[in-house]
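**Q** Questions regarding the structure given below will be posed in turn.
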Amino acid sequence: MVCAVVGGRDFPPGFKFGAATAAYQIEGAWNVSDKSPSVWDSHVHANPDRIIDRSNGDVASDSYYKWKDDIEIASKLGLHFYRFSIAWSRLLPKGFANYISEDGKKYYNDLIDGLLEKGIEPLITLYHWDLPQVLQDLGGWTNPLISDWFADYARVAYSLFGDRVKIWITLNEPVMFCDIAYNTGALAPGVYSPGRGSFLCNKHSMIAHAKAYRIYDEEFRPKYNGKVSLANQIMWFEPATEDDVEITEIARQFMAGMYSHPIFSKEGGWPPVMERIIAEKSKKEGLNHSRLPPLTQEEIELIRGTYDFFGLNFYTSRTVLTAKEEEKIGPWPYKGSSDIDVHLTVKPEWKNAGTKWFFIYPEGLRKLLVWLKKEYGDMEIFITENGLASYDIGLDDHDRVEYYKEHLEQVLLAIQEDEVKVTAYTAWTLIDNFEWLDGYRSKFGLYQVDYEDPERKRTPRASAHYYASVIKCHSLDIDNIISDEL
Ligand code: NOJ
């Protein structure tokens, strides 16, 4: 007997559970067939020191060859859906839409068909940070034309796979590939342009998303009837003291609002407070124009309302203090963006997970869900990522079991008590993979991957058994965790 009969902690009927991965983090085969390099291929090859263990994604978890194993795992876990991303430069090696790779097409077709055969819904992310290098050479996300290049790529993907794929995420975490990337220079493409490149990328990514959404809406929705949105990573920001309530709300607008207000708010456009602050700062810096490029009325209308659900990636939280001069750092714990005067810290009781940015505060997830509903209205929300980093702890990942349990409890409370419409939950991640700057040191997998083994053997962790039990019971009321071989 796995499931408890009473308890009241059931998920609503129709609530879906899934797990996610991303192409560069799992596929490997970086130069196989006609695939061209992405910015991540170039970045790690040119700057091995940037990655904590000097590793890269050349082979990664070898999912280009081991995709059948991944499907088997997803099936054993009982996943309702599997979220994976397409490597743009595998499908369109020239970056542009007039040449489609036969091998790239076959790889994703096989994956989609294999999932569907097992009754698992495929959910595709179009862009998970791996821009074709050929497009980076033309300026990448700082070139306004990228919105058309991306829209063309999206159309190809919808045409090839839209008959079977009903949920699409255009962009994964623009806050990372714009703000963190350009404000630090540490992530691909390795360009350091704080408060400039980041804002150009910010604007162009919003327009790219909007164009891709509208193409689906006009050309594909009538026949395929799917859903499209983007996935935003948002930290929950909590005021450190009563005096910090106002600055905390401003910080939320700079992190959550930057990529949500243009799309999800009724009025559209940049969060007004962000627009005002950056304009003032730019003026003080002697500039004639704000570093935040304005959105024209036409652009505001193009972007506004381009969603069918809100995609939320949630991991961690911060407390917010008004900064003293010497403490000024950006709205996230990376130096470089100092447009608001905040100092971010954490409460001593929030435990640190297996990487320096990660502090655990499950209640932050519920508070954020409630804030999103208040801010943008009663929309459907998919949790598109949530999971725990740990250093190599083998198979007994009890901290991860706790993390999932405590976060799923908060999701249930948000649904039951606060009436937030959360309809899906996605565990990050199915299998260990290349964790960007943390290489293979920081692990997030429900399944461990043995990187010493050329076969990249996958083995279930305790968290895999726990998650499979939650899915089977459709509830947090579980008598016994599934113990059979997964
Ligand atoms: C969010 C990103 O989408 C994913 O690629 C990354 O591995 C996780 N966060 C964990 O850091």
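**Q** In square nanometres, what is the average projected area of the Cα convex hull of the range 424-472?
**A** With the hull built on Cα positions only, its mean projection is 4.1 nm².
**Q** Could you pull out the chymotrypsin sites (Phe, Trp or Tyr not before Pro) across the range 70-109 that fall in loop regions by DSSP (anything but H, G, I, E, B) with no more than 14 other Cβ atoms inside 10 Å?
**A** Y99
**Q** What is the Cα coordinate range of the range 91-225 on the first, second and third principal axes, sorted by size from largest, in whole angstrom?
**A** The principal-axis extents, from largest down, are 46, 28, 28 Å.
**Q** Can you list which of the chymotrypsin sites (Phe, Trp or Tyr not before Pro) found in the range 167-226 are DSSP loop residues with at most 16 other C-beta atoms within 10 Å?
**A** Loop-located and lightly packed - Y192.
**Q** Right, another one. Using Cα-Cα distances under 8 Å and only pairs 6 or more residues apart, what relative contact order does the chain have, in percent?
**A** It rounds to 19 percent for the chain.
**Q** Can you pick out the pairs among K373/K457; K16/K106; K347/K457 whose Cα atoms lie more than 32 Å from each other? Write down the numbers at each step before the final one.
**A** On the way: K373/K457 42 Å; K16/K106 28 Å; K347/K457 38 Å.
From the list (K373/K457; K16/K106; K347/K457), the Cα-Cα distance tops 32 Å for K373/K457; K347/K457.
**Q** Dividing the convex hull volume of the Cα atoms of the range 330-451 by its residue count, what figure in Å³ per residue is obtained?
**A** Convex hull of Cα atoms, per residue: 129 Å³.
**Q** Probe of 1.4 angstrom, ligands and nucleic acids ignored: what's the accessible area per residue over the range 46-161, in square angstrom? It would help to have the intermediate numbers written out before the result.
**A** On the way: 4210 Å² over 116 residues.
Here the residues of the range 46-161 average 36 Å² of exposed surface.
**Q** Which semi-axes, in whole Å and largest first, does the equivalent ellipsoid of the range 219-314 have when worked out from the alpha carbon gyration tensor as the square roots of 5 times its eigenvalues?
**A** Working through the eigenvalues yields semi-axes of 29, 20, 9 Å.
**Q** Right, next: Please identify the GluC sites (Glu not before Pro) of the range 186-275 that satisfy two criteria: DSSP loop assignment and at most 11 other Cβ atoms within 10 Å. Which are they?
**A** E267
**Q** Calculate the all-directions average of the projected area of the chain's alpha-carbon convex hull, and give it in nm². Spell out each step's value before the answer.
**A** Numbers: hull surface 88.1 nm².
Its average projected convex-hull area is 22.0 nm².
**Q** Then there is this: May I ask you to evaluate 6.51 cos²θ - 1.76 cosθ + 1.60, the Karplus curve with θ = phi - 60°, for each residue of the range 353-367 and list the ³J(HN,Hα) values in order in whole Hz, giving x for glycine and proline?
**A** Running phi through 6.51 cos²θ - 1.76 cosθ + 1.60 with θ = phi - 60° gives 9, x, 5, 5, 8, 10, 10, 9, 8, x, 4, x, 5, 5, 4 Hz.
**Q** What does the accessible area of R276 come to, in Å² to the nearest 10, when a probe of 1.4 Å is used?
**A** Number for this one is 120 Å².
**Q** Rounded to a whole number, what is D in µm²/s for the range 346-396 from Stokes-Einstein with the Kirkwood radius over alpha-carbon pairs (25 °C, 0.890 mPa s)?
**A** This corresponds to a translational diffusion coefficient of 186 µm²/s.
**Q** Give me a comma-separated list of calculated 3J(HN,Hα) values for the range 372-378, in order, Karplus coefficients 6.51, -1.76, 1.60 applied at θ = phi - 60°, integers in Hz, x for any Gly or Pro.
**A** Values, residue by residue: 4, 5, 5, 6, 10, x, 8 Hz.
**Q** How far apart, in nm, are the 7 Å Cα→Cβ label points at A279 and E301?
**A** 2.1 nm
**Q** Once every Cα of the range 46-148 carries one equal point scatterer and solvent is ignored, give the base-10 log of I(q)/I(0) from the Debye formula at q = 0.14, 0.18, 0.20, 0.25 Å⁻¹, two decimals.
**A** Calculated log10 I(q)/I(0) at the listed q: -0.69, -1.01, -1.12, -1.32.
**Q** ³J(HN,Hα) across the range 446-456 via Karplus (A = 6.51, B = -1.76, C = 1.60, θ = phi - 60°), whole Hz, x for Gly/Pro?
**A** For the range 446-456, the Karplus curve yields 5, 10, 6, 10, 8, 7, 7, 8, x, 7, 6 Hz.
**Q** Leaving out ligands, DNA and RNA, and with a 1.4 Å probe, what % of the accessible surface on the chain is carbon or sulfur?
**A** Using a 1.4 Å probe with all protein chains present, the chain comes out at 51 percent carbon and sulfur.
**Q** Turning to a different aspect of this structure: Given a Förster distance of 45 Å, report the FRET efficiency between D10 and D243 from their Cβ-Cβ distance, rounded to the nearest 0.05. Walk me through the intermediate numbers first.
**A** Numbers: r = 42 Å, r/R0 = 0.93.
So the FRET efficiency works out to roughly 0.60.
**Q** If one computes the Cα centroid of the range 182-221 and of the range 56-113, what distance in Å separates the two points?
**A** After rounding, the separation between the Cα centres reads 23 Å.
**Q** For the chain, what is the mean residue ellipticity at 222 nm derived from helices alone (per DSSP H run of n ≥ 4: -39500 (n - 2.57); sum divided by total residues; nearest 500 deg cm²/dmol)?
**A** -10500 deg cm²/dmol
**Q** Taking H as built 1.01 Å from N, whose amide H comes closer than 5 Å to the amide H of I431, not counting residues under 5 places away?
**A** HN-HN under 5 Å from I431: L446, Y447.
**Q** Step through the table entries K227/K374; K118/K421; K76/K356; K223/K266, compare each Cα-Cα distance with 30 Å, and write down the pairs that go over it.
**A** Exceeds cut-off: K76/K356.
**Q** Another one. Along each of its three principal axes, how wide is the spread of alpha-carbon positions in the range 143-301, in whole angstrom units, largest first?
**A** 52, 34, 33
**Q** If you look at just the Cα atoms of the range 261-419, how large are its Rg and its Dmax in Å?
**A** Looking at the range 261-419, its Cα Rg and Dmax stand at 18.7, 58 Å.
The values are calculated or read from the model by the stated rules, or taken from the named source; none is laboratory data. Here the structure is a predicted model, which means the values were calculated and not measured. No Cβ is skipped: glycine too gets one built from the backbone with ideal geometry, and neighbour counts run over all protein chains shown. SASA here: full protein model, heavy atoms, side chains in, ligands and nucleic acids out. Shrake-Rupley method; radii C 1.70, N 1.55, O 1.52, S 1.80 Å.
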